[in-house]
Amino acid sequence: MYSIGLRHSAVILAGIGLAVSVLVYTMYQWSVVPIVVFGVLVAIGVWDMSQHSHAVLRNYPILGHIRYFFEMIRPEIRQYLIESDNEEVPFSRESRAIVYQRAKNVEDKRPFGTKEKVYDSGYQWLTHSIRPKKITNTDFRVTIGGPDCTRPYDASVYNISAMSFGALSANAISALNNGARIGGFAHDTGEGGISRYHRAGGGDLIYEIGTGYFGCRDAQGNFDPDLFAQVAADDQIKMIEIKLSQGAKPGQGGVLPAAKITPEISEARGVPMGQDCVSPSFSAFRASISAFNISSFHPAFKASLLSAIT
Ligand SMILES: Cc1cc2nc3c(=O)[nH]c(=O)nc-3n(C[C@H](O)[C@H](O)[C@H](O)COP(=O)(O)O)c2cc1C
């Protein structure tokens, strides 16, 4: 009982205040302001006690709002009063101050060096070399394809990762492929087949074949070796990537619902319109992996390939 009284002290006091101000008003017609103020407080207290969403407010009517108020102004209190100049992430107050100073064209230099504790353990910095090397070729590339490969590819170390047409829009795919051409790197098609937007920019392509064999499948959804050979001979396609399983989509694999399949997606994937397009999980490759003639693969790669699909 004692604790209930204490927890409800604010609402009880507001109730007393309301009663007194109503009494004073009836006797002397003084101001209505106290009646409004105490009335609002009582209403808040009653609402707090009757609601079920916030335990703090139910247990501490009216008073509980102080907690929410401080929570609201917490970032400002920390930022203005507590946080040090170097603490905040991703940009500390010090870094932001430099940006403001330079934007406003005011002095951004401070005498007596840095305020950072550069001798503290864990302090990191980049320092220039006293014997710098001149790098003549900054176009870093890796040749992919061994001695038996008829079309080795000098891949940039910087490429565009697999994102299929369907997951990305036509404009996005076109923009990425144009970027690949301009930057001289490769654009991975993702597992949704090769759309006309992949070809439009003329950038190098890595053709990803996933478990749905999009772009190289027959009407039943099986791998079609002849179609694959025909597609793969395209000069714009520099490499083939085989995605063995749907790591991020276990169980049923990936599903593109029928409603989202446009004529262009249907064309790129080689799937009919009006039906859900399923990209199964890993087991799909087990039956048809032989079509890739894996007997010619490096033994280590063959072993890991087989362990991944079985
Ligand atoms: C919209 C979108 C579509 C993707 N589609 C594919 C895909 O078709 N095949 C694939 O192997 N990965 C796909 N991914 C995964 C990416 O290739 C990449 O591995 C992943 O986004 C992680 O890289 P990140 O951290 O740079 O985003 C997709 C990712 C995104 C965001």
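The values are calculated or read from the model by the stated rules, or taken from the named source; none is laboratory data. Since the model is a prediction, treat every value here as computed from it, not as a measurement. Using ideal geometry, Cβ is built from the backbone for each residue, glycine included, and neighbour counts are taken over all protein chains shown.
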(message) Return the residues of the range 228-260 that are among the small types (Gly, Ala, Ser), away from the ligand (no atom under 11 Å from the Cβ) and in contact (Cβ under 8 Å) with a residue 40 or more places away in the chain; say none if nothing qualifies.
(response) GLY253
(request) Collect the residues in the range 83-107 that are loosely packed, with under 13 Cβ neighbours inside 10 Å and more than 31 Å from the chain's Cα centre (by Cα), keeping them in residue-number order. (result) ARG102, LYS104, ASN105, VAL106, GLU107
(message) So TYR123 ticks every box in (1) loosely packed, with under 10 Cβ neighbours inside 10 Å; (2) under 29 Å from the mean Cα position of the chain (by Cα) but one. Which box is left unticked?
(response) (2)
(message) Here's a check for you: in the range 195-227, which residue that is in contact with a strand residue (DSSP E or B) (Cβ under 6 Å, 6 or more places away or on another chain) and in a loop (DSSP other than H, G, I, E, B) is nearest to the ligand (Cβ to nearest atom)?
(response) GLY210
(request) Report, ordered by the first and then the second residue, all pairs with beta carbons closer than 8 Å, sequence separation of six or more or different chains, a first member in the range 57-80 that is touching a residue at least 12 places away in the same chain (Cβ under 8 Å), and a second member that is of a type in the set (Gly, Ala, Ser). (result) TYR60/ALA10; PRO61/ALA10; PRO61/GLY45; ILE62/ALA10; ILE62/ALA14; ILE62/GLY45; LEU63/SER9; LEU63/ALA10
(message) Quick check on the range 150-157. Is at least one of its residues surrounded by fewer than 11 Cβ atoms within 10 Å (Cβ to Cβ) and over 29 Å from the mean Cα position of the chain (by Cα)?
(response) yes
(message) Can you find, within the range 170-193, the residue that is farthest from the ligand (Cβ to nearest atom) among those that are buried (at least 24 other Cβ atoms within 10 Å of the Cβ) and assigned to a loop (DSSP other than H, G, I, E, B)?
(response) GLY193
(message) Could you list, ordered by first residue, the pairs with Cβ atoms under 7 Å in which the first is in the range 177-203 and closer than 12 Å to GLY215 by Cβ and the second is part of a loop (DSSP other than H, G, I, E, B) and among the charged types (D, E, K, R), at least 6 apart or interchain?
(response) GLU191/LYS243
(request) For residues that are within 14 Å of the ligand (Cβ to nearest atom) and outside any loop (DSSP other than H, G, I, E, B), tally how many sit in the range 151-169. (result) 3
(message) Condition first: in contact (Cβ under 8 Å) with a residue 60 or more places away in the chain and in contact with a helix residue (DSSP H, G or I) (Cβ under 7 Å, 6 or more places away or on another chain). Now tell me which residues in the range 265-281 satisfy that.
(response) CYS277
(request) Go through THR211, THR189 for me and flag whichever is of a type outside the set (Asp, Glu) and touching a Pro at 6+ places or on another chain (Cβ under 7 Å). (result) THR211
(message) Which residue is surrounded by the fewest Cβ atoms within 10 Å (Cβ to Cβ), if the candidates are limited to the range 6-21 and must be in a helix (DSSP H, G or I) and under 48 Å from the mean Cα position of the chain (by Cα)?
(response) LEU6
(request) Of all residues in the range 228-248, count the ones that are part of a loop (DSSP other than H, G, I, E, B) and modelled with pLDDT under 90. (result) 6
